[in-house]
Structures are given as structure tokens and as C-alpha cells.
1. Between a first residue in the range 113-133 that is over 24 Å from L100 (Cβ atoms) and a second residue that is surrounded by fewer than 13 Cβ atoms within 10 Å (Cβ to Cβ), which pairs have beta carbons less than 9 Å apart while being 6 or more apart in sequence or on different chains?
2. Out of all the residues in the range 75-94, is one or more closer than 23 Å to S121 by Cα, surrounded by fewer than 15 Cβ atoms within 10 Å (Cβ to Cβ), of a type in the set (V, I, T) and in contact with a strand residue (DSSP E or B) (Cβ under 7 Å, 6 or more places away or on another chain)?
3. Sort out which residues of the range 33-72 are over 29 Å from D123 (Cα atoms) and assigned to a helix (DSSP H, G or I), and write them in order of number.
4. List the number of the failed condition for L63; all other conditions in (1) surrounded by 15 or more Cβ atoms within 10 Å (Cβ to Cβ); (2) of a type in the set (A, V, I, L, M, F, W, C); (3) closer than 27 Å to Y19 by Cβ hold.
5. Restricting to the range 84-101, count the residues that are in contact (Cβ under 8 Å) with a residue 24 or more places away in the chain and assigned to a loop (DSSP other than H, G, I, E, B).
6. Residues in the range 115-138 that are in a loop (DSSP other than H, G, I, E, B) and under 18 Å from the mean Cα position of the chain (by Cα): how many?
7. Hey, does the range 17-33 have a residue that's among the β-branched types (V, I, T) and at pLDDT below 95?
8. Give all pairs with beta carbons closer than 8 Å in which a residue from the range 29-50 that is farther than 26 Å from A133 by Cα meets a residue that is polar (S, T, N, Q); count only pairs at least 6 apart in sequence or on separate chains.
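The values are calculated or read from the model by the stated rules, or taken from the named source; none is laboratory data. Worth saying up front: this structure is predicted, and the values here are computed from it rather than measured. For neighbour counting, all protein chains shown are included, and Cβ atoms are generated from backbone atoms with ideal geometry for every residue, glycine included.
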Amino acid sequence: MHVSLPSVPASFSLPVRIYYEDTDAGGVVYYANYLRFCERARSEWLRVLGFEQQQLLAAGGPLFVVRSVRADYLAPARLDDSLIVLSTIHELKNVSVLFLQRIFREDKLLFTAEVKIASVSLDSGRPMPWPDAVRAQFHNQLSPHPSQ
């Protein structure tokens, strides 16, 4: 499958196929599933960077929790569509990271989201700094000029 994407700074892309289970009664992707696709893309990106969330937790590392989401639904995806989730890191702070995520069908932008992820201690539930290795990888992936 070859998908022509517009010129968007992308640090990571994840292909997603739309199945019947992803759609609502009208045959359109159910709105919450776009967030699930974004979650998968962020999780897979972490794996590519060498981090498994369960291993980080076992080593005393943080939980990755969604702090906030701003989403825009621009056009519907439907059964059997082949999509690409593009993810960039827009901002990195001591205890949070802001992802910009876009979902495309070929060159058509269907969905955009800004997702802020916080680093939280499993024991206390309080914010904790990113482990040095995670912070370094996030910093290396930081997009210098993300498109808005």
C-alpha cells in the first residue's frame, strides 16, 4: 500500500485499517475510535524508541496519562479505509509532552488532535519527571517547526 501524504513534519506514522467494529450505526468511524488510533500510534512510537510502558513501570518509572485532548473532526472515515496516523512531538516539559497527531486517508486530512501526556508516579499519583532516557528520546524527536 502506497499512500501519498502531504508535506507534514512527521516523526512517526502508523497505518490503520478500518474494520466493521470501528464504525457506528451509520457506517462511519465512531468518534472515540480516532483517539484510540492516536493512542496506538503513541504506544507504538514508544516501542520503536525502545520503551515498553510495563517495563518502565516495573523499574519505578512513570505512568503515561492523558492530561488533555483537543480534537477536530474534519471528515469521516469509513469501513475498509486505509488510514495513516502521523504523530509529532510539539512540546517537551519536565513532566509532560504535547503530541500533535493527524489522521489521513491518502492525502485528505480527516482528524487532528493535540494530546498532552503527563508523567505520573504509580505510587503517589503525583507528577514526576521523565526518566532521563525517555526525556532524551523525546527531545531527539521534538519537531522544530510543527505545522498547525
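1. S121/G60; L122/G60; D123/G60
2. No - not one qualifying residue is present in the range 75-94.
3. N33, Y34
4. (3)
5. Looking only at that region, the number is 2.
6. 1
7. So far as the range 17-33 goes, no, none of its residues is among the β-branched types (V, I, T) and at pLDDT below 95.
8. The qualifying pairs are V29/T23; Y30/T23.
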